[in-house]
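No value in this document is a laboratory result; all are computed from the given coordinates. Here the structure is a predicted model, which means the values were calculated and not measured. Cβ placement follows ideal geometry from the backbone for every residue including glycine, while neighbour counts extend to all protein chains displayed.
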Amino acid sequence: MQLSNTEGIPGKEITAFYGVVSGSTVRAKHAGRDLMASLKNIFGGELKGYTELLSESRDEAIRRMTEQARQLGANAVVNVRFSTSSVAAGAAEIYVYGTAVTVE
Amino acid sequence: MDQLIIFALLLSLGYFFGRSAEKRHYASIQQREQDFINMPTTAGKYVLGENTTVTKSHLVTGSVVISVDYFKRILASLRSFFGGNVRSYETLVDRARREAVLRMKESCPDADQIINIRLETSSIYKGQGKQIGSVEVLAYGTAVYLAP
């Protein structure tokens with residue numbers, strides 16, 4: 001599955017469109033990670049636990065989107081966009097969407 | 001009295017550790033930006049330069065979560081009283097964005113360019129009473145490999 005956030009796959013031609021596909025995950029803060037986070041909050045610096053959480057949920061969202069595209073028979077997703085929103089206090093959503101297409 | 005001592009302790013811990021952490025981080029960002037100077041990035045849709053024959057392309061992402069230290073948080077809350085630019089948070093988001101872009105570049109060291117870069121900022125603590133001053137940045141773009 002090829003992914004791109006440009007309007008097409010560079011150097012290839014799109015032969016069929018299948019419409020918008022999307023995937024999302026909601027992540028919440030984590031008691032163990034939160035302990036470290038509150039410590040880091042004094043010293044400053046990277047919150048590694050949360051960076052991991054962010055990239056895991058991002059990969060999971062991408063996986064859900066490509067799964068949906070595969071079911072439609074597409075072999076690529078173009079114009080991929082990420083969007084984040086806070087669902088409730090202490091929880092945030094990562095939403096990824098794009099257009100499922102077939103490239104030659 | 002005890003509370004005052006704890007407050008002063010937290011403040012000085014934040015000041016010294018936060019400052020050295022930020023200094024080290026900026027040094028590492030500048031070093032790595034130099035290392036990746038040959039991989040141009042653009043927010044535009046098209047491949048830069050004369051040679052635009054693309055052999056391969058894929059989506060690349062990079063993300064980071066950075067927290068601000070105690071001293072700067074107090075500074076920022078003072079600033080929100082008087083108004084003006086909150087400098088202590090400016091460096092926080094600057095560091096986070098540059099770090100996210102660098103991680104994105106590091107995930108594809110063989111690529112020639114990264115086009116259509118987008119940056120998304122979020123916070124898990126948004127809308128919560130007890131705010132933790134942290135920022136999450138997600139950078140993404142399309143890595144392209146050009147024909148030699």
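Some notes on this structure:
- Nearest-ten-degree value, helix B:87-106 long axis tilted from longest Cα axis of chain B: 30
- Selection among B:V54, B:S20, B:A76 by position relative to the dipole of the range B:7-90 gives B:A76 as farthest towards the positive end (Cβ unit charges, Cα centre).
- Value at 222 nm in deg cm²/dmol, rounded to 500, when DSSP H runs of n ≥ 4 in the protein assembly as shown each add -39,500 (n - 2.57): -14500 deg cm²/dmol
- For the protein assembly as shown, with +1 on Lys and Arg beta carbons and -1 on Asp and Glu, the positive-most of A:S4, A:G44, B:P109 along the dipole: A:G44
- Computed over chain B with a Gaussian network model linking Cα atoms closer than 10 Å, the most mobile of B:G14, B:G44, B:G83 is B:G83.
- Test item: Cα-centred dipole of chain B, Lys/Arg +1 and Asp/Glu -1 on Cβ, debye: 380
- Spacing of the modelled spin labels on B:R19 and B:F7, each 7 Å from Cα toward Cβ, amounts to 2.1 nm.
- Charge-dipole axis of the range A:2-103 as Lys and Arg at +1 and Asp and Glu at -1 on Cβ define it, positive-most pick from A:T25, A:G73, A:G90: A:G90
- Distance from the Cα centroid of the range B:33-79 to that of the range A:80-100 is 19 Å (rounded to whole angstrom).
- Over 29 Å between alpha carbons, listed pairs A:K12/B:K105; A:K40/B:K105; A:K48/B:K56: A:K48/B:K56
- Loop trypsin sites (Lys or Arg not before Pro), the range B:12-76, which have at most 13 other Cβ atoms in a 10 Å radius of their Cβ (DSSP): B:K45
- Taking the C-alpha atoms only, the angle from helix A:48-72 to the longest principal axis of chain A is near 20 degrees.
- With Cα atoms, 0 to 90° folded angle of helix B:70-82 axis to chain B main axis: 80
- Overall, the protein assembly as shown carries a charge dipole of about 660 debye about its Cα centre when +1 sits on the Cβ of Lys and Arg and -1 on the Cβ of Asp and Glu, all other atoms neutral.
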